[in-house]
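The values are calculated or read from the model by the stated rules, or taken from the named source; none is laboratory data. The model shown is predicted, which means the values in this text are computed figures rather than measured ones. Note that we place each Cβ from the backbone using ideal geometry, even for glycine, and neighbour counts take in every protein chain shown. Each accessible area value is taken on the protein alone, full model and side chains, heavy atoms only, with ligands, DNA and RNA left out. Shrake-Rupley method; radii C 1.70, N 1.55, O 1.52, S 1.80 Å.
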Amino acid sequence: MTIIPNSFQVQAKATKWLTWKHPQQLPTLLKPYPWQTIKILGEGTNILLLKSLYHEPIIQSHYKALHYKITKDEVHLFVGAGYHWDDLVQFCARQHWWGIENLSAIPGSVGAAPIQNIGAYGSEIKEVLTKVLVYNLKKQTFQWLKNQDCQFQYRDSLFKQLNPNPFLIVAVCLQLSTRYRPNLSYKDLKHYAEQYLTPPYTPYQIAQAVRTIRAKKLPDPTQLGNAGSFFKNPLLTQQQFTQLKQRFPSIPYFKEQTKYKIPAAWLIEKAGLKGIRKNGVGTYPKQPLVIVNYHAHNGKAIYNFAMEIRKKVYEAFGVWLELEVRVWE
Ligand SMILES: Cc1cc2nc3c(=O)[nH]c(=O)nc-3n(C[C@H](O)[C@H](O)[C@H](O)COP(=O)(O)OP(=O)(O)OC[C@H]3O[C@@H](n4cnc5c(N)ncnc54)[C@H](O)[C@@H]3O)c2cc1C
């Protein structure tokens, strides 16, 4: 039996634990199992395990290939699913390649990064991802999916929509740039750069700035179990937003095409739920969108707590929060 790594620090084990280092191994490794039963794990930083024992096969990638080609000012990368995302960010930033420096210090693996279209500080992986190599569990074949095929949206993709998801991500292809293009669209990052850095900036400086800002706000999962934001920021229609703004004139928002994105952290705080604790679980006092595990041993306690938060936010604002974290039943 294998302990399932997870950043919530919940205790859970797997009876069928599979790992792979090279794509060629996949067809033989996965053949014995009905494809719908296979669970794909990265580093476990965005999952909540509800059971203490899993009999379904769990497969984790250890494929750490990294290839790149530079043409003019473009850098084309091919990276294996098992590569640690933040190692990739640091590597690219040190090479002076622009494109993923704002995604610095996001935990997890490269293979999981497209699943929820990881994003932070004004960047998302969809902006630099050209295609992904997947192993289709159902058809037992390899195939390429282009950026548009992945249907990326805010913290969402085709892989998240399909249930069960037949696509095991084997590797991702990214296109970065050697041309100067810092993205300081995010207010906190812009202020930090203006205060502490001198232009022209380097991607490494930006990556370090993001790391510093994040460290002040987010709990380190090795010290305090968590999976980052538990809920997505809700996107409201014009009508929903107008109604809410009448009741709460100071409500913060970001306009996204025809929708209005509201910080879920604001809703949680205004509902009086910031920093509360129950049964060993709580909302993080510095960032209430993060649910933290103080001393709960099982995922159900965390799940129940999160559902209470969701219910209370709904009662207060009529807004139903969607989960960002993937729940493994
Ligand atoms: C402190 C903290 C801060 C965070 N901050 C951010 C942030 O700023 N922005 C953000 O977007 N996310 C953030 N996250 C969430 C998390 O880091 C990302 O979602 C990350 O991509 C998860 O990677 P993982 O390898 O741990 O995936 P896991 O948690 O192991 O898996 C997540 C999902 O991806 C699927 N999956 C994993 N690997 C593959 C694969 N190779 N093929 C197909 N499916 C796969 C799994 O089945 C599961 O559904 C944060 C998490 C923590 C703990």
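General remarks:
- Restricting segment 124-151 to residues that are within 17 Å of the chain's Cα centre (by Cα) and open to solvent by 10 Å² or more (accessible area, probe 1.4 Å), the residue that is nearest to the ligand (Cβ to nearest atom) is E124.
- Y154 passes every criterion in (1) surrounded by fewer than 18 Cβ atoms within 10 Å (Cβ to Cβ); (2) hydroxyl-bearing (S, T, Y); (3) more than 13 Å from the chain's Cα centre (by Cα) apart from (3).
- Matching residues, segment 169-205, being within 15 Å of the ligand (Cβ to nearest atom), under 28 Å from A65 (Cβ atoms) and either of a type in the set (A, V, I, L, M) or not assigned by TED's automatic domain parsing to the domain that holds E101 (or both): I169, V170, A171, V172, L174
- Among the residues listed as A14, A93, A105, the single one being more than 17 Å from the chain's Cα centre (by Cα), farther than 21 Å from L162 by Cβ and either away from the ligand (no atom under 14 Å from the Cβ) or open to solvent by 10 Å² or more (accessible area, probe 1.4 Å) (or both): A93
- Helices (runs of 4 or more DSSP H) contained in segment 211-329 and holding at least 2 residues aromatic (F, W, Y): 299-317
- For segment 18-56, the tally of residues that are assigned to a strand (DSSP E or B) and without any contact (Cβ under 8 Å) to a residue 60 or more places away in the chain stands at 5.
- For segment 157-168, a residue qualifies if it is closer than 16 Å to G108 by Cβ and more than 9 Å from the ligand (Cβ to nearest atom), and exactly one does: S157.
- Filter pass, I115 being within 10 Å of the ligand (Cβ to nearest atom), under 23 Å from N46 (Cα atoms) and open to solvent by less than 10 Å² (accessible area, probe 1.4 Å): no
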